[in-house]
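The values are calculated or read from the model by the stated rules, or taken from the named source; none is laboratory data. Bear in mind the structure is a predicted one, so any value in this text is a computation, not a measurement. Cβ: placed from backbone, ideal geometry, glycine included. Neighbour counts: every protein chain shown. In case anyone asks, the SASA skips ligands and DNA or RNA and just uses the protein heavy atoms, side chains included. Shrake-Rupley method; radii C 1.70, N 1.55, O 1.52, S 1.80 Å.
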Amino acid sequence: MSNLRRLDLNLLVTLDALLTEHNVTRVAEKFNFSQPSISVHLSKLRDIFDDPLLLPGPRGMLPTAKAEALREPLRQALNALEGVVAPTKPFEPATAQNDWTVSAADYGESTVVLPVLIGLRGVAPNTRLSVIELAPAKIAKQLEQGEIDIAFHVSDEAAPELHLKKLFSERYVLAGRRKHPQLSQALTPAQFCDLEHVIVSPNGGGFCGVTDEALAQAGLTRRVVLSVPHFLFVKSVLASTDLVAMLPLRLAIASPELQYIEPPMPIAGYEMSMLWHERSHRDPAHPWLRDFIVEQVQSAAHITAQNQ
């Protein structure tokens, strides 16, 4: 360790060149140094290794046994260092073999992950994608520790220390089964409240959401008769009963078994965003994946807009 503290990396580079060229003059020319400068380097190296290293010979300098023993490990060490400080290679999706992990609720799976996956298989066929259930309270920690690469979540619940890219804005519509008798025309607030509603409660068991908050401001309440944790089950319930639900527009459009109308009062929507941590912000694969996600989601959003 004491020798390492005395060692200048440039001395090792000089030694590697001397062991290749066996000539001080040629090494000086190679590095655009003066011959005395290379001689000074050699003198320091001899002191550090306590060995002459290179001796005068009839056809240049001859390496000592110590120098010969250093040749291969020195080359390997310098190659490893060159790999560490070399510019990062650009990400090549066609040949990449990355494993990515993202977290999303079932809504994010349908509106973000699915369109991304379809395109990803074409441009990066050797990569793998793992989708885990979104745990809003754990997002920041999971990203910081590298347990996930990206989370898809609403913007207003994003931790301030995370990077955020808005993907799209979403709004709610009133959805029910095809040919639902109460969804053939616009409803009054009273008619809306009189219907039997399903609510999605991600935390489980809740019977109140943003719709109920809006109704409360107008002095109204609706009949919420079922609370479930996922949108996927809501769509099955709606398709087979006369229950209705406030669904994000993208889910309603993508569900041919359902029909939808505008609610009779304004209901606050939300922004869907992509979240990631600084630890992966500059990794070449990560910006590529983020850009690809934005591109695929924008393409899907364009199709959604055409279907509205």
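The table below lists the values:
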| read-out | value |
| --- | --- |
| 20 °C / 1.002 mPa s Stokes-Einstein diffusion coefficient of segment 113-221, Kirkwood radius on C-alpha pairs, µm²/s | 119 µm²/s |
| Of all accessible heavy-atom area on segment 153-218, the percent that carbon and sulfur account for (1.4 Å) | 49 percent |
| Surface per residue (accessible, 1.4 Å probe) for segment 129-238, Å² | 56 Å² |
| Peptide ranges 14-26, 89-101 listed from the most packed, as the mean C-beta count within 10 angstrom indicates | 14-26, 89-101 |
| Alpha-carbon spread of segment 4-85, three principal axes, descending order, Å | 38, 28, 21 |
| Extension reserve of the Ser299-Asp50 stretch, reckoned as 0.36 nm per residue once the Cα distance is removed | 82.9 nm |
| Share of alpha-carbon pairs per 10 Å distance bin for segment 172-268, given as whole % | 17, 55, 27, 1 |
| Accessible area (Å², per residue) of segment 4-85, counting only protein heavy atoms and a probe of 1.4 Å | 64 Å² |
| Computed over the chain: relative contact order in percent, which uses C-alpha pairs under 8 Å that are six or more apart | 20 percent |
| Portion, in percent, of the accessible area of segment 4-85 that falls on carbon or sulfur, probe 1.4 Å | 55 percent |
| Longest to shortest principal axis, alpha-carbon extents of the chain, angstrom | 105, 37, 27 |
| Lys165 - accessible surface, heavy atoms, 1.4 Å probe, Å² rounded to 10 | 90 Å² |
| Burial order of peptide ranges 226-235, 120-129 (average beta-carbon count within 10 Å, highest first) | 226-235, 120-129 |
| Added length on full extension, which subtracts the Cα-Cα distance from 0.36 nm per residue, Gln97 to Leu117 | 5.7 nm |
| Radius 15 Å from Cβ of Ala80, net charge of other residues (Lys, Arg +1; Asp, Glu -1) | -2 |
| Globularity index of segment 229-303, i.e. its alpha-carbon radius of gyration over 2.2 N^0.38 Å | 1.50 |
| Nearest-0.05 FRET efficiency for Glu147 and Glu262, computed from C-beta distance (R0 41 Å) | 0.55 |
| Label-to-label distance, nm, for residues given as Ala159 and Glu29 (7 Å Cα→Cβ offset) | 6.0 nm |
